[in-house]
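The values are calculated or read from the model by the stated rules, or taken from the named source; none is laboratory data. Just so we're clear, the structure is a prediction, and the values are computed from it rather than from any experiment. Glycine gets a Cβ as well: all are built from the backbone with ideal geometry, and neighbour counts include every protein chain shown. Only protein heavy atoms, including side chains, enter the accessible area calculation; ligands, DNA and RNA are left aside. Shrake-Rupley method; radii C 1.70, N 1.55, O 1.52, S 1.80 Å.
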Amino acid sequence: MKTAVLMTVALLTLGACATNTAGIYANSQGVNRVDNVSIGRKVSLESIKAYPDGGQLSGYATLRSHTSYNLNLQYRVTWYDANNNSIDAENMSWVPVTLHGFQQVQVKSTAPNGRASWFDIQIREIIPN
């Protein structure tokens, strides 16, 4: 009985955590993944591209709202080198963005140095406390 209660509490705790951090993932190599179906119905990531810009890479992605109301989101871009090692990942922070009804917004990022060869972007919904 004690084990069953502990397992239930653990699963509920993990489920609560996933709601706040899961969202949508995409990278400039063509991988797209929706980790949270609820947010996947509300917003999509499109046109993810990395391009050379003055000796290092820059990139962009388009966030598109599929709802008639405002969405309070956060996105984070992480750059990687040719060996798939993250570059300066500990300094990459979540950036807030509000999408209004059916709006699309292009977000941009520039690699922190010339070693970058690709990037990923993650989106999650801001859930009020």
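Treat each spin label as a single point 7 Å out from the Cα along the C-beta direction, and report the His66 to Val37 distance in nm.
1.2
Loop only by DSSP, 16 or fewer other Cβ within 10 Å of the Cβ. Give me the chymotrypsin sites (Phe, Trp or Tyr not before Pro) in the range 36-118 that pass, ordered by residue number.
On the way: sites: Tyr60, Tyr69, Tyr75, Trp79, Tyr80, Trp94, Phe102, Trp118; in loops: Tyr69, Trp94, Phe102.
Here the chymotrypsin sites (Phe, Trp or Tyr not before Pro) that fit, given the DSSP loop and packing criteria, are Tyr69, Trp94, Phe102.
Using alpha-carbon pairs under 8 Å, 6+ residues apart, how would you state the relative contact order of the range 53-124 in percent?
Taking the mean separation of contacting Cα pairs over the length of the range 53-124, I get 50 percent.
Looking at the range 23-86, which trypsin sites (Lys or Arg not before Pro) are DSSP coil and have at most 12 other C-beta atoms within 10 Å of their C-beta?
Nothing satisfies the criteria.
Take the solvent-accessible surface of the protein heavy atoms, probe 1.4 Å, and return the percent of it on the range 50-107 that carbon and sulfur atoms account for.
The computed percentage sits at 42.
Under Stokes-Einstein, with the Kirkwood radius over Cα pairs standing in for Rh, what whole-number D in µm²/s applies to the range 90-129 at 20 °C and 1.002 mPa s?
Numbers: Rh = 13.1 Å.
Stokes-Einstein gives a translational diffusion coefficient of 164 µm²/s.
Phe102: net charge of surrounding residues, Cβ under 12 Å, Lys/Arg +1, Asp/Glu -1, itself excluded? Intermediate values should be presented prior to the final figure.
Values: positive: Lys42, Arg64; negative: none.
So the environment of Phe102 carries a net charge of +2.
Quick one: which residues, 5+ away or cross-chain, put their amide H under 5 Å from the amide H of Ile87? H built at 1.01 Å from N.
Under 5 Å from the amide H of Ile87: Trp79, Tyr80, Asp81.
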